[in-house]
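A quick write-up on the structure given underneath.
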Amino acid sequence: MTATPEQPLPRPLQRSPRKSIPFRLRFNPLSLFLSWGNFSFLLHPPNASAHTEPHGSGDTLAEGRAVEEEGWAQQARGFLESTAEMLRVLGRGLWDIAAQSLAGAEDSELARRLRGPAAAAGKRLSFMNEYLPEDRDPVRCWVVVAAVAFVTLIVLGIGSVDDTPVELPKKLYIGPPSAKTIQLPDGRHLAYKEQGVTADRARFSLIAPHSFLSSRLAGIPGIKPSLLEEFGARLVTYDLPGFGESDPHPGRDLNSSAHDMLHLAGALGIVDKFWVVGYSAGSIHAWSALRHIPDRVAGAAMFAPMANPYDSKMTKEEKHKTWERWSTKRKLMHILARRFPALLPLFYHRSFLSGKQGQPESWLSLSLGKKDKTLLEGPMFNAFWEKDVAESVRQGDARPFVEEAVLQVSDWGFSLSDIQMQKREDLSFFELIKSLFSQAEREWVGFLGPIHIWQGMDDRVVPPSVTEYVRRVVPGATVHKLLDEGHFSYFSFCDECHRQIFSTLFGIPQGPINPVPEPIEVASELTEETTVPDKAKEEEQDISGLA
């Protein structure tokens, strides 16, 4: 066969270099149309035979396949180059549009105002330009860096999306009404709960008003009935007005709260003096009892007791130590309760009045220590919390909670220093000077019974500075400082702690009072008298039988 000269391979599509067309004021769609025309030309190329000379008779089938494969590779390369060129032209066009749109913007009022701060910020950040290449414009470089960082954050955010399903908050379950109630002199009904021994066997009676977002179900959380039986104690808890199953009292104050407690004690047959238990915000009602009905109170057991943070008797240092331990949201709640209480329902309906379950630290805006966090994460506390909160919000009304929040930060009608006051007497000048140096000879009036205060030193809800203030203005109070304890850890679900509390208050356990069983003794005497004649009759019958 005669060798034919090799046919030249089809040359790739040659495109004349295109100059970027600068855009003026508006984007020119003609350049984009031309670029898209080239792009569609690559997608639908003409027949390859039109670009090649006819094959000679000496071409083999393998050579034809090689020519065909090489032509498609070149077309793909041309497609990529055309796409890159099109994007480059489009980018330059957009850059020119932005540059021309901002032309003259430096003379605007906004630019004149921002020129000074921008220059100052640029001067402070100019040291970062040292990390850029010397031949690069810093403005464009930092724009590219910002764009790349933005895209990177988006990619990382998409990649870090957790596909695990998020558990929706459960709804609060509010059971049917089940509380015992008494009727107060003004016609309202007060719901209560009793624990421990019965009234006729009680050696000690305790009444415990509950704290904010709580109910009669709280009492002393986790206390065992066996401990109450061992000390002969009767624990009575009740719902504050508008909470749980108690009727609301719109005009209530701390004076009316103390008399509600007094009427409850009378209705339940508590003849002797009773102890008051004040925990957290519930302590304001216990303080009220010590102030308004001191003759009916035997003693007080306070746990992280609250004081009015706006009390005029509190020094600036004590106020500063108290406020600095609170979270920002908790401070806001106190400020709203004092200045704008009408705004509080907006927050309450978004949290504990929403009908869903939630955590106490978020609903009450609390900062918690290590022991408190451990306790609140346990299933026992969570079960108690859900049941107690559900009972507290049973009526679904925000007004009782607003009233309670306002009571905490408004004028109580008395100061804590009024609970125990030095007796005023008409002393001579020399006796007055002598009394200043003889503390033991001072006489006090007001509540003179025992006041025990337990304060956790890691409490961030009611800080230790509050107890320091209470100890200063109530000199008869005994403070028990608890190292490493928080707001909940000592008072809730701690059997050893509860035993220590009762031992401190009541001493050695003596059990309940056992009334004398008089009817049983009378019955035994009657049985003895009835059995004697029966025995005599039997003896007589035996003798007569022998005879």
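The values are calculated or read from the model by the stated rules, or taken from the named source; none is laboratory data. Being a predicted model, the structure only gives us computed values, none of them experimental. Here the Cβ is made from the backbone with ideal geometry for all residues, glycine too, and neighbour counts use every protein chain on show. Note: accessible area is taken over every heavy atom of the protein model, side chains too, but ligands, DNA and RNA are not part of it. Shrake-Rupley method; radii C 1.70, N 1.55, O 1.52, S 1.80 Å.
Key figures
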item: Heavy-atom accessible surface of the range 291-409: percent carbon and sulfur, 1.4 Å; result: 55 percent
item: Area accessible to solvent at residue 192, 1.4 Å probe radius, in Å²; result: 30 Å²
item: Label-to-label distance, nm, for residues given as residue 479 and residue 514 (7 Å Cα→Cβ offset); result: 4.4 nm
item: Alpha-carbon centroids, the range 300-373 and the range 404-425: separation in whole Å; result: 20 Å
item: Accessible area of the range 178-269 belonging to carbon and sulfur atoms, whole % at 1.4 Å probe; result: 50 percent
item: Simple spin-label estimate for residue 112 and residue 448 in nanometres, 7 Å along Cα-Cβ; result: 8.1 nm
item: Accessible area of residue 259 in the full protein assembly, 1.4 Å probe (Å², nearest 10); result: 70 Å²
item: List 86, 457, ordered by accessible area with a 1.4 Å probe, largest first; result: 457, 86
item: Probe 1.4 Å, protein heavy atoms only - accessible area per residue of the range 277-399 in square angstrom; result: 47 Å²
item: Computed over the range 189-277, Cα set: Rg, Dmax in Å; result: 12.9, 41
item: List 363, 454, ordered by accessible area with a 1.4 Å probe, largest first; result: 363, 454
item: Hits among lysines - C-alpha to C-alpha of residue 423 under 23 Å, sequence gap 8 or more where chains match; result: 313, 434
item: With all protein chains modelled, accessible area of residue 229 [1.4 Å, Å²]; result: 80 Å²
item: Formal net charge of residues neighbouring residue 457 (Cβ-Cβ distance under 10 Å; K, R +1; D, E -1); result: -3
